[in-house]
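Enquirer: A single structure is presented below for examination.
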Amino acid sequence: MSAGESLLELSMNDAAELFSDAIKDFIPQNEKKPKVVYRSAGDTYVLVEYGDMALDLNFTFRVYDLDQALKDLDLKGLNETAPGVRSLLVNYNNLELPLHDLLDHLKEIEDTLPPLGKAEVPSRIIHLPIAYRERWTKEAIDKYMNSVRAEAPYLPDNLEFVARCNGLKKAQDVITYHTSTKYMVLALGDVYLGAPCAVALDPRRRLVVPKYNPARMWTPAGAVGMGGSYVCIYAMESPGGYQLIGRTLPIWNTYQTSPSFEEAPWFFRPFDRIQFKEVTETEIEKMRKDMLSGDYKPEIEEGVFDLEKHNSFCDSVREEVEKFKEKQREAVSRWTEDY
């Protein structure tokens, strides 16, 4: 079905979207499949987007299935793919693989993919130590206050701000929430060098918070931050905008000099599940050194993640989740008025 042929079946918002020159094709949503938009991203890229702009693990797994199916075709002229949370960026050689041919392949694949919400993927559980409110992230906040912005709702304590924005009574409650659920890695490279973009799997523990405004000029390597619904780990010293809550292990090793980085310079894989465990500042400092020397290796469990079971769990706690989201909305509007 072409964009023109499907126009009458679309909502007003969807139809308006088609008038953008960047939209090259479109598949409307039906009972079994999500909406798909194919966007031109320059002369040699196509961006495939699923559904509306919302956090939905079902779209992430759909991207995974599409990516695997596209690679299995082994198309001449297909250079590289970059999966995201709800999109797949496809790099192609338009002399070997014309755009209309690539779009035909992409649309044909949609008919072969499993139903939305049903998927199983390899998924490790990684037990990751973290020191909260340690001296390195405090140093980053102090530098920010001295050189960028002296006053803001999230200053001088990011952890307290996260608590207030989620209707929690104190910073310790953030730590309790953070260690009581696993975080799934949805994408890599969020803030440089294989940094994970991860989300809490228990929606009752999914904290939401605005980022810095403006961003920091410096963040320590290994810092753990929250922004929006996501948790990120900084792979290197860098600028950044996530609210800083603590520090964990190294997640990048350029020359792969320790056993934890035998597979790649980056530590995580997509769909890894991170289970954070609180340790002291002294312990995390030693663990960081020992991991790079090869004397310490995080505990890792091999496993499989069943999306259908996860969806069933989310359905079973839907009422609790809605109550928590309402509390979050009230709290964030109260604490970000002067943002």
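The values are calculated or read from the model by the stated rules, or taken from the named source; none is laboratory data. Computed from a predicted model, the values in this text were never measured in an experiment. Because the Cβ atoms are built from the backbone with ideal geometry, glycine has one as well, and the counts that use them run over all protein chains shown. With ligands, DNA and RNA removed, areas are computed over all heavy atoms of the protein, side chains included. Shrake-Rupley method; radii C 1.70, N 1.55, O 1.52, S 1.80 Å.
Enquirer: Could you give the accessible area per residue of the chain, probe 1.4 Å, as a whole number in Å²? Spell out each step's value before the answer.
Expert: Details: 16760 Å² over 339 residues.
I get 49 Å² per residue for the chain.
Enquirer: Given the pairs LYS170/LYS323; LYS170/LYS289; LYS169/LYS211, which span a C-alpha to C-alpha distance of over 30 angstrom in this model?
Expert: Going by Cα-Cα distance, LYS170/LYS289 fall outside the 30 Å limit.
Enquirer: Now a separate question. Where a Cα-Cα gap under 18 Å defines reach, which aspartates and glutamates qualify for LYS24, not counting those fewer than 8 residues away within the same chain?
Expert: The qualifying aspartates and glutamates are GLU5, GLU9, ASP14, ASP43, GLU49, ASP52, ASP101, ASP104, GLU108, GLU110.
Enquirer: Would you please give the FRET efficiency between ALA41 and LYS325, computed as 1/(1 + (r/R0)^6) with r the Cβ-Cβ distance and R0 = 35 Å, to the nearest 0.05?
Expert: After rounding, the FRET efficiency stands at 0.60.
Enquirer: Please identify which residues in segment 117-149 have an amide N closer than 11 Å to a label point set 7 Å out from the Cα of LEU155, following the Cα→Cβ vector.
Expert: Answer for this model: 141-149.
Enquirer: Let's test the formula: R0 of 45 Å, r as the Cβ-Cβ distance of LYS118 and ASN213. What FRET efficiency results, to the nearest 0.05?
Expert: 0.65
Enquirer: If you don't mind, another one. Could you run the Karplus curve 6.51 cos²θ - 1.76 cosθ + 1.60 with θ = phi - 60° over segment 232-240 and give me ³J(HN,Hα) per residue in whole Hz, x for Gly and Pro?
Expert: Per residue, the Karplus-derived 3J(HN,Hα) values read 10, 10, 7, 7, 8, 5, 6, x, x Hz.
Enquirer: Cα centroid distance between segment 278-339 and segment 190-256, in Å?
Expert: 12
Enquirer: What distance in nm separates the two pseudo spin-label positions at SER180 and GLN68, each 7 Å out from Cα along the beta-carbon direction?
Expert: In this crude spin-label approximation the distance works out to 3.4 nm.
Enquirer: Grab the Cα-Cα distance for GLU96 and PHE313, subtract it from 0.36 nm times how many residues apart they are, and report the gain in nm with one decimal.
Expert: Result: 73.6 nm gained on full extension.
Enquirer: For segment 219-339, state the average projected area of the convex hull of the C-alpha atoms over all orientations, rounded to one decimal in nm².
Expert: 10.1
Enquirer: Percent of accessible area on the chain owned by carbon and sulfur, 1.4 Å probe?
Expert: Reported share for carbon and sulfur atoms: 50 percent.
Enquirer: I would also like to ask the following. Largest first, please: the extent of the C-alpha atoms of the chain along each principal axis, to the nearest Å.
Expert: 61, 48, 42
Enquirer: Let me ask something else. Based on the alpha-carbon gyration tensor of segment 26-108 and its eigenvalue square roots a ≥ b ≥ c, which shape applies: rounded if a/c is under 1.5, prolate if not and a/b is larger than b/c, or oblate?
Expert: Prolate, since a/c reaches 1.5 and a/b exceeds b/c.
Enquirer: With loop defined by DSSP as not H, G, I, E or B, and exposure as at most 10 other Cβ atoms within 10 Å, which is the longest segment of the chain clear of exposed GluC sites (Glu not before Pro)?
Expert: Longest stretch, sites excluded: 32-150.
Enquirer: Still on this model: Need one word for segment 126-266: rounded, prolate or oblate. Basis is the Cα gyration tensor (sqrt eigenvalues a ≥ b ≥ c); a/c below 1.5 gives rounded, then a/b vs b/c decides.
Expert: Oblate is the answer for segment 126-266, as a/c is 1.5 or above yet b/c matches or exceeds a/b.
Enquirer: Count charges around VAL199 for me, please; just the other residues with Cβ under 11 Å from its Cβ, Lys/Arg as +1, Asp/Glu as -1.
Expert: Summing Lys/Arg as +1 and Asp/Glu as -1 gives +2.
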